[in-house]
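The block underneath contains the structure these notes are about, expressed in structure tokens.
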Amino acid sequence: MNFTMSNEAVDPYQYLQFLRNPDGTLTRLNDAVPRTEPSSDPTLPIPVLTKDLTLNQRNNTWLRLFLPRVALSSSKKLPLIVFFHGSGFVLLSAATSMFHDFCVELANTAEAVVASVDYRLAPEHRLPAAYEDGVEALRWIGRSDEEWLTRYVDYSKCYLMGSSAGATIAYHAGLRAIEEVSDLEPLKIQGLILRQPYFGGMQRTESEVMLENNPVIPLCVSDLMWELALPIGADRDHEYCNLRSGNGVEKFDKMKELGWRVLVSGNGGDPLVDREKEIALLMEEKGVQVVKDFEEEGFHGVEIFEPSKVKQLIALVKDFVYIIGA
């Protein structure tokens with residue numbers, strides 16, 4: 001995406017490189033976004049092996065496994081991080097190079113097996129499709145006989161992680177997983193890792209108003225992504241979008257009871273930061289163990305574009321999984 005903006009009004013469709021068709025459908029014009037193919041050849045000089053596995057053939061969903069080479073020579077099983085990519089529920093995939101590269105770094109540095117889920121996109125598949133795909137991925141992982149999982153994964157140390165809309169999927173998949181803990185066995189979720197989670201509401205927050213014309217995620221673009229993702233006729237106060245709608249907050253009591261820990265990470269230059277701080281506060285009020293990582297500097301998705309921020313974030317994740325979660 002081009003993150004430069006003039007003072008002129010932003011066309012959110014043009015910004016997202018969407019073409020509106022006369023019949024109401026959309027054509028994505030971002031085919032040039034780089035993609036990376038998986039490689040599971042252990043003879044190659046690569047730190048992380050990757051392979052794609054089908055989740056639901058009918059829905060065309062799949063996941064990409066990232067196996068750090070260290071697992072091949074160790075008898076110790078590794079934690080599992082189930083990852084959901086961002087892009088507003090409407091764009092890109094687990095094969096998009098920037099998400100693939102991030103997961104390679106995550107698996108290698110954090111010494112964890114990463115399962116990056118390729119979920120259904122809106123508006124062709126509106127919410128809760130992506131949330132349901134997240135739970136289906138958890139069920140599939142727990143029942144799969146895939147060798148990379150059964151041989152190298154410590155099923156008792158599973159974390160759901162996502163960035164932006166991916167963090168929102170991790171959150172909602174987690175809320176659903178709370179209701180079927182026994183059905184997910186042997187998988188045992190230990191917590192959530194929410195990087196710049198993407199929530200909304202009809203009432204604007206201070207950060208949204210102040211950063212309305214933010215070049216990375218202008219407010220009109222955020223509004224359009226929610227319009228395309230939510231059920232037809234729903235507004236941003238719907239429970240799939242607004243933290244305080246529905247019964248999600250009530251489930252934080254169960255989250256505390258299960259001993260889940262939650263890492264919430266955000267930046268002051270992100271229009272979403274007030275909502276990110278809100279979820280951390282709501283969870284803390286319910287007694288959930290929350291680790292907060294809020295930096296004044298930085299923008300939405302900064303870790304994708306600044307290598308130093310990638311290393312900083314992944315170091316934090318490793319500490320959360322191995323030290324806090326020990």
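Every number in this text was worked out from the coordinates using simple rules, so none of it is lab data. All values reported here derive from a predicted model rather than from experimental measurement. As a convention, Cβ positions derive from the backbone with ideal geometry for all residues, glycine included, and neighbour counts pool all protein chains shown.
Nearest 10 degrees is fine. How inclined is helix 165-178 to the longest principal axis of the chain, computing both from alpha carbons?
Roughly 60 degrees, rounded to the nearest 10.
Taking every DSSP beta bridge with both residues inside region 12-324, roughly what % is antiparallel (nearest 5)?
On the way: 17 of 46 bridges.
Bridges in region 12-324 are about 35 percent antiparallel.
Taking the simple approach of a point 7 Å from Cα along Cα-to-Cβ for both Arg20 and Asn247, what is their distance in nm?
Output for this residue pair reads 3.8 nm.
Any idea what the relative contact order of region 12-324 is, in percent, if you count C-alpha pairs under 8 Å spaced at least 6 apart? Walk me through the numbers before you get to the answer.
Details: 593 pairs, mean separation 49.0, N = 313.
Value for region 12-324: 16 percent.
Order by neighbour count: Leu91, Leu258, fewest other Cβ atoms within 10 Å first, most last. Spell out each step's value before the answer.
Details: Leu91 20, Leu258 15.
By the 10 Å Cβ count, ascending: Leu258, Leu91.
Based on alpha-carbon atoms only, what is the radius of gyration of region 160-252 relative to the globular estimate 2.2 N^0.38 Å? Can you show the working numbers first?
Numbers: Rg = 14.8 Å, N = 93, 2.2 N^0.38 = 12.3 Å.
Its radius of gyration relative to the 2.2 N^0.38 Å reference: 1.20.
Taking the alpha-carbon centroid of each part, what is the distance from region 110-162 to region 233-247 in angstrom?
24 Å
Take the alpha carbon gyration tensor of region 281-326, find the square roots of its eigenvalues, order them as a ≥ b ≥ c, and report rounded if a/c is under 1.5; if not, report prolate when a/b exceeds b/c, else oblate. Mind dumping the intermediate values first?
Numbers: a/c = 3.60, a/b = 1.45, b/c = 2.49.
Because a/c hits 1.5 or more and a/b fails to exceed b/c, region 281-326 counts as oblate.
State the extension gain, in nm to one decimal, for the chain segment bounded by Arg143 and Asn56, taking 0.36 nm per residue of separation less the distance between their alpha-carbons. Intermediate values should be presented prior to the final figure.
Working: separation 87, 0.36 × 87 = 31.32 nm, distance 1.35 nm.
Additional length available on full extension: 30.0 nm.
Compute and list, largest first, the equivalent-ellipsoid semi-axes of region 1-144 from the alpha carbon gyration tensor, each √(5λ) rounded to a whole angstrom. Display every interim value, and only then the final one.
Numbers: eigenvalues 205, 71, 31 Å².
Over the Cα atoms of region 1-144, the ellipsoid semi-axes are 32, 19, 12 Å.
Which angle from 0 to 90°, rounded to the nearest 10, does the C-alpha axis of helix 129-143 make with the longest principal axis of the chain?
Result, in degrees: 0.
Under the rule of -39500 (n - 2.57) per DSSP H run of 4 or more residues, summed and divided by the residues of the chain, what mean residue ellipticity at 222 nm is obtained, to the nearest 500 deg cm²/dmol? Write out the running numbers ahead of the final one.
Working: 11 runs with 106 residues, N = 326.
That comes out to -9500 deg cm²/dmol.
Hey, what does the equivalent ellipsoid look like for the chain, semi-axes from the Cα gyration tensor as sqrt of 5 times each eigenvalue, largest first, whole Å? If you can, show how the numbers build up before the last one.
Working: eigenvalues 172, 104, 78 Å².
Equivalent ellipsoid of the chain: 29, 23, 20 Å, largest first.
Regarding region 61-164, what whole-number volume in Å³ per residue does the convex hull of its Cα atoms give?
Values: hull volume 9.4 nm³, N = 104.
Considering the Cα atoms of region 61-164, their hull volume per residue is 90 Å³.
Show me the GluC sites (Glu not before Pro) within region 256-309 that DSSP assigns to loop and that have at most 10 other Cβ atoms within 10 Å of their Cβ.
Values: sites: Glu257, Glu276, Glu278, Glu284, Glu285, Glu295, Glu296, Glu297, Glu303; in loops: Glu296, Glu297.
Those satisfying the criteria are Glu296, Glu297.
Note the full-extension length gain between Ser75 and Glu257 as 0.36 nm times their separation in residues minus their Cα-Cα distance, in nm to one decimal.
On the way: separation 182, 0.36 × 182 = 65.52 nm, distance 3.17 nm.
Between Ser75 and Glu257, full extension yields 62.3 nm more.
Just to be sure I understand: if I project the alpha-carbon convex hull of region 97-240 onto a plane and average over all orientations, what area do I get in nm²? Don't skip to the answer; put the middle values down first.
Details: hull surface 39.6 nm².
Averaged projected area of region 97-240's Cα convex hull equals 9.9 nm².
How long are the three semi-axes of the equivalent ellipsoid of region 226-271, in whole Å, if each is the root of 5 times an eigenvalue of the C-alpha gyration tensor, listed from largest down?
Details: eigenvalues 119, 66, 12 Å².
In descending order the semi-axes read 24, 18, 8 Å.
Which three extents, in whole angstrom, do the alpha-carbon atoms of region 210-326 cover along their principal axes, largest first?
43, 37, 21
What lysines could a cross-link reach from Lys254, if we take a straight Cα to Cα line under 26 Å and drop same-chain neighbours fewer than 8 places away?
Counting by Cα, and skipping residues close in sequence, Lys254 has these lysines nearby: Lys157, Lys188, Lys277, Lys286, Lys292, Lys318.
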